[in-house]
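Remarks on the structure that follows.
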Number of protein chains: 2
Amino acid sequence: MDDDDLRRGKPSCHKQFDDATALLVGDALQSLAFEVLSQPDLCTQASHQISMLSILAKASGSTGMAGGQAIDLESVGKPLSQSELENMHQLKTGALIQAAALLGGVSGNSAQTKAIRIYAQNVGLAFQVIDDILDVEADTTTLGKTAGKDAGSHKPTYVSILGLADAKQHAQLLYNNAIHALASFGNEAARLRELAGFITQRRF
Amino acid sequence: MDDDDLRRGKPSCHKQFDDATALLVGDALQSLAFEVLSQPDLCTQASHQISMLSILAKASGSTGMAGGQAIDLESVGKPLSQSELENMHQLKTGALIQAAALLGGVSGNSAQTKAIRIYAQNVGLAFQVIDDILDVEADTTTLGKTAGKDAGSHKPTYVSILGLADAKQHAQLLYNNAIHALASFGNEAARLRELAGFITQRRF
């Protein structure tokens, strides 16, 4: 769906092989995620395991990634408000980032899944804001994928809607929200805090 | 992946809309299947529900439909033996037909899932043999999809490997095997027997 030719400095799958192969690999990997989560005795409680499968299914389909991608396709060349852009990214990339964080909470039967959900929503959006900033600021070599693609293809981005300075401030706000959401956790959330920092400060 | 433009006499999704939309709808529907199967309290026993999810995941991914489609892509224009062709179809369409039959068995905790598996393997292959026969024998209007496509695109088929008469005989053998596999069932398997008959006798 994406026209980018590079990922982490290497040709993306559809460039290295072809579109049909890339699509099939995507289908196979999506099924593999469900296969891994449906292994017998993955969790001590079967009901938790079913919840995890449900979270992943909802985050992948029309109420998650596929739905967000559909909105993205519809939105090229159209003006979007910030809330419309956020809704699209919450679905397109945010839903799976959120699912990844929630699966950990559910598998551990954490009573604090609400806090993890808020953390993940903010980290997911911060990821996308930074992506939009790097598309403008970074060069292709550092970024590992083609810079300037979004601006060139008239895709609505946080930078095109907010401007560069406000987009950076927005990323900082989302980072702060994510860290704040983890306030009730102690050192067991250190990695989640690190991840939020990495996502907000990354240069690639 | 398929060049056919018609399904049941109507334009296929990628013709009516476009490739990207058709692919996204496929992704969303695949996720929806897992969402439905992961609903809380779908089964009286959570472990049966997890088995159902596992069966669907394995039938969809690289060990099932996606893997079969990959072999299909690789096989265009190449000579295949009958067993290679059967392996491809067992994965590409057979795995999901088999999963559909097995899910019923598992959800009912049937001790006879082995019989259902053999039934479904044979019905799945029969479906494909008949598909290949109809591609040669039927006209596009009756078939509801473009006839003669496979032969035209040099795809290996049961008809190209076995010839028309032997392909028909093979379909009959697969039907007989499917019915025989259900011998230990009574009237509760009437619909499965009907389905095998419909698939083998269909003209579209």
* Would you mind classifying the protein assembly as shown by shape? Square roots of the alpha carbon gyration tensor eigenvalues, ordered a ≥ b ≥ c; an a/c under 1.5 is rounded, otherwise it is prolate if a/b is larger than b/c and oblate if not. => oblate
* To do: Would you mind calculating the relative contact order of the range B:60-204 from Cα pairs under 8 angstrom and at least 6 residues apart, reporting the percent as a whole number?
  => 26 percent
* Structure fact -> Within the range B:60-86, the residues whose backbone N lies under 18 Å from a label point placed 7 Å from the Cα of residue B:136 along the Cα-to-Cβ direction are B:77-86
* To do: Please turn the phi angles of the range A:165-174 into ³J(HN,Hα) values with the Karplus equation 6.51 cos²θ - 1.76 cosθ + 1.60 (θ = phi - 60°), one per residue in order, whole Hz, x for glycine and proline.
  => 5, 5, 4, 5, 5, 5, 4, 5, 4, 4
* Other protein chain Cβ atoms within 10 Å, averaged over every residue that makes up A:46-56 -> 5
* To do: Using only Cα atoms, locate the centre of the range B:47-118 and the centre of the range A:106-121, then give the distance between them in Å, rounded to an integer.
  => 36 Å
* Asked: Where nothing but the Cβ of Lys and Arg (+1) and of Asp and Glu (-1) is charged, how large is the charge dipole of chain A around its Cα centre, in debye to the nearest 20?
  -> 520 debye
* To do: Please list, in chain and number order, the residues 5+ apart from residue A:147 or on another chain whose amide H is under 5 Å from its amide H, with Hs placed from the backbone.
  => A:140
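In which sequence would B:35, A:137 go, from the one with the fewest C-beta neighbours within 10 Å to the one with the most? Can you show the working numbers first?
Numbers: B:35 22, A:137 16.
By the 10 Å Cβ count, ascending, the order reads A:137, B:35.
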* Asked: For chain A, rounded, prolate or oblate, judged on the Cα gyration tensor with a ≥ b ≥ c (square roots of eigenvalues), a/c < 1.5 rounded, else prolate if a/b > b/c?
  -> oblate
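Among rounded, prolate and oblate, which fits the range A:1-81 when a ≥ b ≥ c are the square roots of the eigenvalues of its C-alpha gyration tensor, a/c under 1.5 means rounded, and a/b larger than b/c means prolate? Numbers along the way, then the final one.
On the way: a/c = 3.15, a/b = 1.51, b/c = 2.08.
It comes out oblate by the Cα gyration axes.
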* Structure fact -> Applied in sequence order to the range A:157-162, the curve 6.51 cos²θ - 1.76 cosθ + 1.60 (Karplus, θ = phi - 60°) yields integer Hz couplings, x standing for Gly and Pro, of 9, 4, 5, 5, 8, 9
* **Electrostatic dipole magnitude of the range B:110-191 [Cβ: Lys, Arg +1; Asp, Glu -1; Cα centre; debye, to 20]** => 300 debye
* To do: List the distances, in nm and shortest first, from the label point of residue B:169 to the matching label points in every other copy, placing each point 7 Å from Cα along the Cα-to-Cβ direction.
  => 8.2
* Asked: Copy-to-copy spacing for residue B:41, label 7 Å out on the Cα-to-C-beta vector, in nm, shortest first?
  -> 3.0
* To do: Quick one: with label points 7 Å out along Cα→Cβ, list the inter-copy distances for residue B:15 in nm, shortest first?
  => 3.4
* Structure fact -> One residue of chain B has its C-beta nearest the axis rotating B onto A; that residue and its distance in whole Å are B:46, 2
* **Under Karplus coefficients 6.51, -1.76 and 1.60, residue-wise ³J(HN,Hα) of the range B:39-53 in Hz, glycine/proline x** => 4, x, 6, 5, 10, 5, 10, 4, 5, 5, 5, 5, 4, 4, 4
* Crossing angle, helix B:65-75 versus chain B [Cα axis fit, 0-90 degrees, rounded to tens] -> 20 degrees
* Long-range amide H contacts for residue B:7: which residues qualify at under 5 Å (H placed 1.01 Å from N, peptide plane, sequence gap of 5 or more or a different chain)? -> B:12
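Each value in this text was obtained by applying a stated rule to the coordinates, not by laboratory testing. Computed from a predicted structure; not experimentally measured. Neighbour counts run over all protein chains shown; Cβ positions are idealised from the backbone, glycine included.
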